[in-house]
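Data first, discussion second: the structure below is written as structure tokens.
The values are calculated or read from the model by the stated rules, or taken from the named source; none is laboratory data. Values in this document were obtained by computation on a predicted structure and should not be read as measured data. Cβ sites come from the backbone with ideal geometry, for glycine too, and all protein chains shown count toward neighbours. Ligands, DNA and RNA are excluded from the accessible area calculation, which covers all protein heavy atoms including side chains. Shrake-Rupley method; radii C 1.70, N 1.55, O 1.52, S 1.80 Å.
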Amino acid sequence: MFFLTLKAVIPIHFHYMTYRLQRFRLESNSSIHKHLISKITATGPISVAEYMREALTNPVAGYYVKNDMLGAGGDFITSPEISQIFGELLGVWCVSEWMAAGKSNTFQLVELGPGRGSLASDILRVFSQLKTVLGETDISVHLVEVSPKLSQFQAECLTGDNTQPNDGDQPVYRSGTTRTGLPISWYRRIEDIPRGFSVFLAHEFFDAIPIHKFQRTEKGWREVMVDIDPESPGKLRFVVSHSPTLASSILIQKDENRQHVEVCPEGGVIVQKLANRIAEDGGAALIVDYGHDGTKTDTFRGFKGHQLHNVLEAPGMADLTADVDISYLRKMTGNEVTCLGPITQRSFLKNMGIDSRLQVLLRNCHDPSTRAQLIHSYDMLINPEKMGHRFQFFSLLNRGRLAQYRGMQKNTAPLPVAGFAELDMQ
């Protein structure tokens, strides 16, 4: 296993800037709350999906549009922010799939919702270490990001701000060169990414896409809506629609046996786009998220300051999320691709060699505090009570990738896909 330099990140706090950001957040929250109250007053209850869309991506004051929500000073911390090992192992997975798929002359690394850019940074460092493996392959980086604020953080992290903003009407709204010398581009939509062999990564991306919520009643399925509380006009509440909505009529699967269901149609459309590209152009996708295989019901929740937060309070000031129904995503791919998973983060990282990688880092690190941090980060990633079982890994592969194994009987040989060695092909 190759050795990579461990980098420390030291947070710096600017109290005046924090005060101004908090003041802006309060003003933003007030505007979104007033907007939602006015909309519901005028047109009636709105879907949970519409509420999430306004709270998270409102172009004026949405949570993802204006705020820096990641890291110790934000509302949540992601796996790449916890340990460099996570990103390194995903980088190895990307190269492994490129090799197994035939070593295409072009290799597009595509990340959906890249956060601060930490994951892409760790992956690109692995690419640099594996230059002899990648050879003369034409590698490029493509980021899908709707947040102007986060795109600035990503540009600084990945390029040292060596980027050039483009005209507003261009599909590529920012472009430049990474610190490792690769071309990098930013997009708002997946369909704007050039066609070609691509490895798609979506880490904590699908959980923030708006969901519809449904409740089974004596009269059939009804949609859960957001309405104004009549006893407290300034507050919002959940209500169940009296009659079927368009969403409740078309989004519920015929074989559904749960009493409460969350459906993410936009997520289904996105995974269909990924499946189509992988089927036509080659490549793979790796989806990592809070998730389940069609078993959970009410998972809609909010996070603010690393604490659970009432989803209907202070819209625009907290992250809103719901566990990803991987069984739904699998159905949306149709028969275009081969699906693997879900498998727990603990199993995937152990299959990828996280234990060996940790030992390499510990042998080359003599600072007691850094060693303690490495061990703590490892535990956070794989402990079943922490991230180990909460996060699921799900992959889409071109059907030709495993064609030679389709006729094999189960358990006759390990599945030749890095990270998924213990799974059977779906």
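Figures for the structure shown
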{"item": "MRE, 222 nm, helices only [DSSP H, n ≥ 4, -39500 (n - 2.57), over the chain, to nearest 500]", "result": "-11000 deg cm²/dmol"}
{"item": "Under 11 Å, Cβ to Cβ, from Lys331 - net charge with Lys/Arg +1 and Asp/Glu -1", "result": "-1"}
{"item": "Cα centre as origin, Lys/Arg/Asp/Glu Cβ charges: the chain dipole, Debye", "result": "280"}
{"item": "Antiparallel content of DSSP bridges confined to segment 32-405, in %, to 5", "result": "65"}
{"item": "Amide hydrogen neighbours beyond the local backbone of Leu236, cut-off 5 Å, H modeled", "result": "Asp229"}
{"item": "Percent breakdown of C-alpha pair distances by 20 Å bin, ordered from the shortest bin, for the chain", "result": "24, 58, 18, 0"}
{"item": "1.4 Å probe accessible area per residue over the chain, in Å²", "result": "47"}
{"item": "Amide H contacts under 5 Å for His203, placed H, 5+ residues apart", "result": "Leu112, Val288"}
{"item": "Phi to ³J(HN,Hα) by Karplus 6.51 cos²θ - 1.76 cosθ + 1.60 over segment 218-230, Hz, x for Gly, Pro", "result": "5, 9, x, 6, 10, 7, 7, 10, 10, 9, 7, 6, x"}
{"item": "GNM result for the chain, Cα springs below 10 Å: residue of Met99, Met352, Met332 fluctuating most strongly", "result": "Met99"}
{"item": "Positive dipole terminus of the chain, leading residue within Leu396, Ala49, Gln215 (C-beta point charges)", "result": "Leu396"}
{"item": "Accessible area of Glu204 in the full protein assembly, 1.4 Å probe (Å², nearest 10)", "result": "40"}
{"item": "Two-decimal ratio, segment 191-328, of alpha-carbon radius of gyration to 2.2 N^0.38 Å", "result": "1.21"}
{"item": "Per-residue ³J(HN,Hα) for segment 246-257, Karplus 6.51 cos²θ - 1.76 cosθ + 1.60, θ = phi - 60°, Hz, x for Gly and Pro", "result": "4, 5, 5, 7, 10, 9, 7, 5, 4, 8, 5, 10"}
{"item": "Summed residue charge, Cβ within 9 Å of Ala284's Cβ, Lys/Arg positive, Asp/Glu negative", "result": "0"}
{"item": "Gaussian network model of the chain, springs between alpha carbon atoms under 10 Å - residue of Leu349, Leu251, Leu340 with greatest fluctuation", "result": "Leu251"}
{"item": "Asn58 long-range amide H proximity, modeled H, under 5 Å", "result": "Tyr63"}
{"item": "Inter-centroid distance (Cα atoms) of segment 263-291 relative to segment 165-190, Å", "result": "22"}
{"item": "Members of Lys304/Lys386; Lys296/Lys350; Lys39/Lys213 lying beyond 22 Å, as alpha-carbon distances in this model show", "result": "Lys296/Lys350"}
{"item": "Solvent-accessible area, 1.4 Å probe, carbon plus sulfur percent, for the chain", "result": "51"}
{"item": "Fluctuation leader among Ile375, Ile46, Ile184 - the chain, Gaussian network, Cα springs under 10 angstrom", "result": "Ile375"}
{"item": "Neighbourhood net charge (9 Å Cβ-Cβ; Lys/Arg +1, Asp/Glu -1) for Gly91", "result": "-1"}
{"item": "Thr41 accessible area, 1.4 Å probe, all protein chains in place, Å² to nearest 10", "result": "100"}
{"item": "Signed unit charges on C-beta, dipole axis of segment 32-405, positive-most listed residue Val240, Asn58, Leu119", "result": "Leu119"}
{"item": "Integer Hz, Karplus 6.51/-1.76/1.60 couplings in order for segment 167-181, x for Gly and Pro", "result": "4, x, 7, 7, x, 8, 8, 7, 8, x, 10, 6, 4, 9, x"}
{"item": "Heavy-atom accessible area ranking, 1.4 Å probe, most first, across Lys304, Lys34, Lys103", "result": "Lys34, Lys103, Lys304"}
{"item": "Cross-link partners of Lys103 among lysines (Cα-Cα below 16 Å; sequence separation of 8 or more within a chain)", "result": "Lys131"}
{"item": "Mean separation of Cα contacts under 8 Å (6+ apart) over length of the chain, as relative contact order %", "result": "18"}
